[in-house]
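**Q** Let me give you the structure first, and then I'll get to my questions.
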Amino acid sequence: MSVNVPGRLPRLGRMNMLAWWAEHLARAILQEPLPRRWAHVQGVAAQARSLAPVTGADADLLEAAAWLHDIGYAPGLTVTGLHALDGARYLRDAQHADALLCQLVAHHSCAIIEAEERGLADILCSELEPVPYALSSVLTCCDMTTSPDGELMPVEQRLAEIHDRYGLGHLVSRSIQRATPMILSAVEQVHHRATQIA
Ligand SMILES: [Fe+2]
């Protein structure tokens, strides 16, 4: 897929250069073909940015991952149907992005469960290693507490919304059902960390 985005990180002297680049790349990929997904991504990124006191030195990386976590839904990037893997592969192979950023996208929101359902778990883990829980839980929390339109949403409501959208018995609904304990735990832990710092 060819998109009109900066090929290199700009020399801005900013602390959030990776997030800046990620925002522009995500906009170029999602805004026109998938406007609702773009709205969701903006909300996820805003949440990631608001958690900077929790994420500390990883704030730029995590905001960048938030911007890019759903690019694998874009029509030109879909290959396997597992959007986490398709997006991460694009970042790795076409954008030569930071390895940890690719891994975060590949494993966001318990993607390993959907990979198992699709018979892609071995491929996902052999190509892109899982990331430390302290990082992945933040992205999971931001994604699973942001509505499809980019608004804040309680995690229970977000899970119900996914089930409604895909329908009973759908592979994505089944995956989310299996991942629910891990998603709830991630959200609880991140919110706990945030309240301790506040
Ligand atoms: Fe998402």
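Only the coordinates and a few stated rules stand behind these numbers; no lab work does. In this text the structure is predicted, and so the values were computed from the model without any measurement. As a convention, Cβ positions derive from the backbone with ideal geometry for all residues, glycine included, and neighbour counts pool all protein chains shown.
**Q** Kindly identify region 17-197 as rounded, prolate or oblate by the Cα gyration tensor criterion: order the square roots of the eigenvalues as a ≥ b ≥ c, call it rounded if a/c is under 1.5, otherwise compare a/b with b/c, prolate if a/b is larger, else oblate.
**A** Note, shape of region 17-197 comes out rounded.
**Q** In addition: Report, by chain and number, residues whose modeled amide H sits under 5 Å from the one on T146, excluding near sequence neighbours (fewer than 5 apart, same chain).
**A** M153
**Q** Apply the Karplus curve 6.51 cos²θ - 1.76 cosθ + 1.60, θ = phi - 60°, to the phi angles in region 159-169 and return the couplings in whole Hz, x for Gly and Pro.
**A** Computed from phi, the couplings for region 159-169 are 5, 5, 4, 5, 4, 5, 5, 8, x, 4, x Hz.
**Q** Would you mind ranking L101, L120, L18 by Cβ crowding within 10 Å, fewest neighbours first?
**A** L120, L18, L101
**Q** Would you work out the charge dipole size for the chain about its Cα centre, treating the Cβ of every Lys and Arg as +1 and the Cβ of every Asp and Glu as -1, and quote it to the nearest 20 debye?
**A** So the magnitude is around 360 debye.
**Q** Quick one: which residues, 5 or more positions from G76 or on another chain, have an amide H under 5 Å from its amide H? H modelled 1.01 Å from N in the peptide plane, none for Pro or chain starts.
**A** Excluding prolines and chain starts, which carry no amide H, there are no hits.
**Q** Of the options S109, S126, A64, report the single residue whose Cα projects farthest towards the positive end of the charge dipole of the chain (beta-carbon charges: Lys, Arg +1; Asp, Glu -1).
**A** A64
**Q** Separate question: Whole-Hz Karplus ³J(HN,Hα) for region 30-47, in order, using 6.51 cos²θ - 1.76 cosθ + 1.60 and θ = phi - 60°, x for Gly and Pro?
**A** Calculated HN-Hα couplings, in order: 9, 4, 7, x, 9, x, 5, 5, 5, 4, 4, 4, 4, x, 5, 5, 4, 5 Hz.
**Q** Name the residues whose placed amide hydrogens come within less than 5 Å of the amide hydrogen of A97, ignoring near sequence neighbours (fewer than 5 apart) on the same chain.
**A** R92
**Q** Please identify which residues in region 49-70 have an amide N closer than 19 Å to a label point set 7 Å out from the Cα of H24, following the Cα→Cβ vector.
**A** The answer is 60-69.
**Q** How do 166-174, 133-141 rank on mean C-beta neighbours within 10 Å, highest first?
**A** Listed from highest to lowest mean packing, they are 133-141, 166-174.
**Q** To continue, here is another question. What are the ³J(HN,Hα) values, in whole Hz, obtained from phi via the Karplus relation 6.51 cos²θ - 1.76 cosθ + 1.60 with θ = phi - 60°, for each residue of region 88-104 in sequence order, with x given for Gly and Pro?
**A** Coupling constants for region 88-104: 5, 4, 4, 4, 5, 8, 9, 10, 6, 6, 3, 4, 5, 5, 4, 5, 4 Hz.
**Q** Given N16, G167, A88, which one lies farthest toward the positive end of the charge dipole of the chain, if we put +1 on the Cβ of every Lys and Arg and -1 on the Cβ of every Asp and Glu?
**A** Result: N16, furthest along the dipole toward the positive end.
**Q** Taking the simple approach of a point 7 Å from Cα along Cα-to-Cβ for both R178 and A121, what is their distance in nm?
**A** Those two pseudo-labels are separated by 0.6 nm.
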